There are 2 protein chains.
Amino acid sequence: MMILTIERNSRVPAYKQICEQVVGLVESAALAPGDHLPPTRVLARSIGVHRSTVLHAYGELWALGYLESRPGSYSTVRRPAPTTAATGQSRGTGVIDWAAVSNPTVREECEDAVRQAHEPARPEVIDLGRLSADRRLTPTDDLRRCLRAAMLEEGRDLLDYGDPAGYPPLREAIARRMRVHGVAIAADEVIITAGAQQALDLVLRLMARPGDRIATESPTYGAALSLFRFHALQPIDIRMRPDGLDLDALGAALDAQRPVLLYTVPNFHNPTGITTSQAHRERLLALCESRRVPVVEDGFEEEMKYFGKAVLPIKAMDTQGSVIYVGTFSKVVFPGLRIGWIAAPRECVRRMVAIQGITCLSGNVLAQAVAARFCESGSYEAHLRRIHKVYRRRMQAMLAGLAEHMPPGVEWTRPAGGYTLWLGVGKSRLDERTLFMRLLQDGVSVAPGSLFVRTPPAQPSFRLSIACASEEEIAEGCRRLGRSLSSVRRRT
Amino acid sequence: MMILTIERNSRVPAYKQICEQVVGLVESAALAPGDHLPPTRVLARSIGVHRSTVLHAYGELWALGYLESRPGSYSTVRRPAPTTAATGQSRGTGVIDWAAVSNPTVREECEDAVRQAHEPARPEVIDLGRLSADRRLTPTDDLRRCLRAAMLEEGRDLLDYGDPAGYPPLREAIARRMRVHGVAIAADEVIITAGAQQALDLVLRLMARPGDRIATESPTYGAALSLFRFHALQPIDIRMRPDGLDLDALGAALDAQRPVLLYTVPNFHNPTGITTSQAHRERLLALCESRRVPVVEDGFEEEMKYFGKAVLPIKAMDTQGSVIYVGTFSKVVFPGLRIGWIAAPRECVRRMVAIQGITCLSGNVLAQAVAARFCESGSYEAHLRRIHKVYRRRMQAMLAGLAEHMPPGVEWTRPAGGYTLWLGVGKSRLDERTLFMRLLQDGVSVAPGSLFVRTPPAQPSFRLSIACASEEEIAEGCRRLGRSLSSVRRRT
């Protein structure tokens, strides 16, 4: 019979007290190898603790090598083997150097991720930095209705593994939506992904090998640059001009450097807000087609056209099957559901489905079914109409505010939709980081331009976003921005 | 003024009729470059079709190069550029050879995936092949309650981007659950993944480079082998003995071949059903620790112990921080929500969180919140108790059925839990595939042993599963299996 006493007021947790006493009993030979410990239920009852506490204690004892447990029998006392005993106390020192065994790209990225982690913004700071749909506009009730209906009608099916290509009605709904944008595709030319980021990752896993070159706009979406680095790719920076990426430079790069693909954001380009014309898209596609270089078109804000007429996606004129289109719901509604997609030639989709099957078996079926219902019920289009109204006014407020408050020499883009515009400060004695900190001090948060390039530019630039600020906040933000930039200029 | 007529009874879709007529008007010079097309709303009303039909038609025209659209203005007629015109009709031929540009591992895997696609089973066939929680046991109502509560209390938060490490209360709940299994970890030593498969993929993305060696049991989980192949790794097969992987062979392999990690399934091993003893685990860990080789412990069925006492995970005695534990809900409840996790040293978790951030930004917050509530509300433990009862009886039925019906020379394992056992047929004139087809003809479906190895073994073997068959079906399945194997033996 083993006698244990638990000191209730002790700062040592109960499980640890049990451990220490049992170890003491074994070390003092009061318990011998082969002795049984009481079943967890029995011990728990006898010393008045929860059974999970005893389980935890037995687990620790086991980890320390003092216990053996065999299927269908009691836990039996044992003496720890020398190796474990010798090292048993040094928890936390570690035999593996995780930095050293990690993929070198991860090492670098990990440090980057830490460096880039946002500090929580002070409430008095106006946020013109964040590019993420405004939570205040989330159609929570509509979504709840879709969830309820989906669970009632298909509950069990939605909780089981699904097709790695995605929930079929959602593939249909997306194909239909793409057709509205002029892209004539069928459901089997669509694969559902866990957001646009995972879609890009999937494209790279299909096509890119370490060291491959990849043509991309510069500046461009910062998280795409991270992804390229993680895949150990070599970006070829094609500079952005006011009408889109420099096509002459693209042609030259395609010929001289043979990239495996071109990554481009033709609509409401992140970060500059530039939308290219049809003629630009046509020439871009012809250039890539003639060199047999696939175009990866990131249509992350396709739906965010609220001024004038939409230019259709490059994918809409992909008669040669060389465009991989990446789409997402996340920039208009519920990013937390992680729904993105790829529209691509069947041969390409088939291979990406195989990769999805190998790397994650199935997507989140419930989320996909809810998204499908959200589209089918008309809630999606109603939501778009609603946010278009809001963002159109916000963008007008931003353009008016900049016109009113910017000092001379500051330049900015005039987007036809989307959330972001690009602000060039011109000559400045303060470097970008210092200027960024100054703006923050003065109560306005923006995104430093260097997040979107590989080599920091000579003059500071910033991405401004209307995503998460109201019209009033935008107006006030522009005022602060103007005051701050003017004061810097005066002093320098 | 442009006049179009839509033939309502035509088999040509309305959008196509619009296209063809506009192309005709341009080609016959009735419409000249620079002419405006009517706004989509106006045209839709005037010819009596839905606006999306007109949008679709304009999209096609744009794709063919006959239309230009500019922000804020009408769609304008244009002549297609020669490049596009010359190739415009050959949709589907394609300038990209997707097979050739794809990563070579994907090429192979894609064909594999196609090859392995299951034919739909005939209803009269008893399914002793599938390893997936029985849908008939899904606790749909409990889950619905959790969903409803989560949406009511946290709706908006759950629809926005989340922490790439996972929803904090779920990390807590999992750390608590791991402590019940004797693994003393905190929430920040847990990262949530989209199922165990994505967890394994994440581990490999962190640690393995193409060509690296990886030690693994043989046979082992087939989808892990696919993942190794996809990552271009070289598995070192360590053969399974009745008490677990051959530790002498492991020691020799660690010394001679320097794998980057050991992948092991110590509980209810897939496919054999073998559970290793504490002594085995201790020696395995000591072997790996002394060579500084991380252990990846796949605890995919940790919770499925329903006979006797559980042996604690290897992770429970990881005093040196060298074990990466992979867990999942999917083998006990709602695989469609895709919730798995990794429990590992902080330094390792931190790096994996960075990779998750880079490759997918955030997990599915709603699904993670629902899983957390499912655990916190006690539904998870209640569900486990319920399915343990069911599967204990099923496994008893399976073991009794095999004892009664197997002809001499057939051998099988006797699992302490989980879903699967391993059947060695012994000498057989029929090869495994032929035997598999024969069994299928005779009304019982099993998993061919060759799915779990890289080199097909000399004698046929099969994985049997109790996951999706009732006790009655299992009894009848064993009868059919016995009859079929006996008849084959008599004839040969």
Legend entry - Every residue from segment A:338-350 that is open to solvent by less than 10 Å² (accessible area, probe 1.4 Å) and closer than 19 Å to A:VAL295 by Cβ: A:GLY340, A:ILE342, A:ALA343, A:ALA344, A:CYS348, A:VAL349
Inset, instruction - Return yes when A:ILE174 is open to solvent by less than 10 Å² (accessible area, probe 1.4 Å) and within 13 Å of chain B (Cβ to nearest Cβ) and no when it is not. - result: no
Inset, instruction - Name every residue in segment B:312-348 that is outside any loop (DSSP other than H, G, I, E, B), of a type in the set (Val, Ile, Thr) and either modelled with pLDDT under 95 or closer than 30 Å to B:THR140 by Cα (or both), in order of residue number. - result: B:VAL326, B:THR328, B:ILE342
Legend entry - Failed item in (1) free of Cβ contacts under 8 Å to residues at least 24 places away in the same chain; (2) open to solvent by 20 Å² or more (accessible area, probe 1.4 Å), with B:ILE358 passing the rest: (2)
Legend entry - Top-ranked residue of segment B:454-478 - restricted to ones that are at pLDDT 95 or above and among the β-branched types (Val, Ile, Thr), ranked as farthest from B:LEU225 (Cα to Cα): B:ILE474
Legend entry - Number of positions in segment B:223-239 that are more than 11 Å from chain A (Cβ to nearest Cβ) and either crowded, with 22+ Cβ neighbours inside 10 Å or within 16 Å of the chain's Cα centre (by Cα) (or both): 2
Inset, instruction - Scan (1) open to solvent by 30 Å² or more (accessible area, probe 1.4 Å); (2) part of a loop (DSSP other than H, G, I, E, B) for the single condition B:LEU451 breaks and write down its number. - result: (2)
Inset, instruction - Scan (1) without any contact (Cβ under 8 Å) to a residue 24 or more places away in the chain; (2) more than 23 Å from B:TYR419 (Cβ to Cβ); (3) assigned to a strand (DSSP E or B) for the single condition B:ASP248 breaks and write down its number. - result: (3)
Inset, instruction - Quick one: which residue in A:THR216, A:THR220 is assigned to a loop (DSSP other than H, G, I, E, B), at pLDDT 95 or above and out of contact with any Leu (no Cβ under 7 Å at 6 or more places or on another chain)? - result: A:THR220
Legend entry - Complete set of residues in segment A:44-68 that are of a type in the set (Ser, Thr, Tyr), modelled with pLDDT under 85 and closer than 17 Å to B:ASP318 by Cα: A:TYR58
Legend entry - Residues of segment B:291-337 classified as under 18 Å from B:ASP243 (Cα atoms) and open to solvent by 10 Å² or more (accessible area, probe 1.4 Å), total: 7
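Per-residue answers, yes or no, for (1) in contact with a helix residue (DSSP H, G or I) (Cβ under 7 Å, 6 or more places away or on another chain); (2) at pLDDT 90 or above:
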| site | (1), (2) |
| --- | --- |
| B:THR83 | yes, no |
| B:GLY88 | no, no |
| B:ASN103 | yes, no |
| B:VAL106 | yes, no |
| B:VAL114 | no, no |
| B:ALA121 | no, no |
| B:ARG136 | no, yes |
| B:LEU152 | no, yes |
| B:ALA184 | yes, yes |
Inset, instruction - Quickly run through segment B:338-362 and pick out the residues that are among the β-branched types (Val, Ile, Thr) and more than 7 Å from chain A (Cβ to nearest Cβ). - result: B:ILE339, B:ILE342, B:VAL349, B:VAL353
Legend entry - helices (runs of 4 or more DSSP H) within segment B:1-77 that include 1 or more residues exposed (fewer than 13 other Cβ atoms within 10 Å of the Cβ) and aliphatic (A, V, I, L, M): B:40-47
Inset, instruction - Evaluate segment A:275-290: report whether one residue or more is more than 8 Å from chain B (Cβ to nearest Cβ), part of a loop (DSSP other than H, G, I, E, B), surrounded by 23 or more Cβ atoms within 10 Å (Cβ to Cβ) and in contact (Cβ under 8 Å) with a residue 40 or more places away in the chain. - result: no
Inset, instruction - Quickly run through segment B:177-187 and pick out the residues that are facing chain A (nearest Cβ under 7 Å) and part of a helix (DSSP H, G or I). - result: B:ARG179, B:VAL180
Inset, instruction - Working carefully through the options B:ILE342, B:ILE358, find the one that is within 20 Å of B:ILE185 (Cα to Cα) and β-branched (Val, Ile, Thr). - result: B:ILE342
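The values are calculated or read from the model by the stated rules, or taken from the named source; none is laboratory data. What you see is a predicted model, and the numbers here were worked out from it, not measured in a lab. Cβ coordinates were reconstructed from backbone atoms using ideal geometry, including for glycine residues, and neighbour counts include every protein chain displayed. Just the protein is used for accessible areas: all its heavy atoms, side chains included, with ligands, DNA and RNA removed. Shrake-Rupley method; radii C 1.70, N 1.55, O 1.52, S 1.80 Å.
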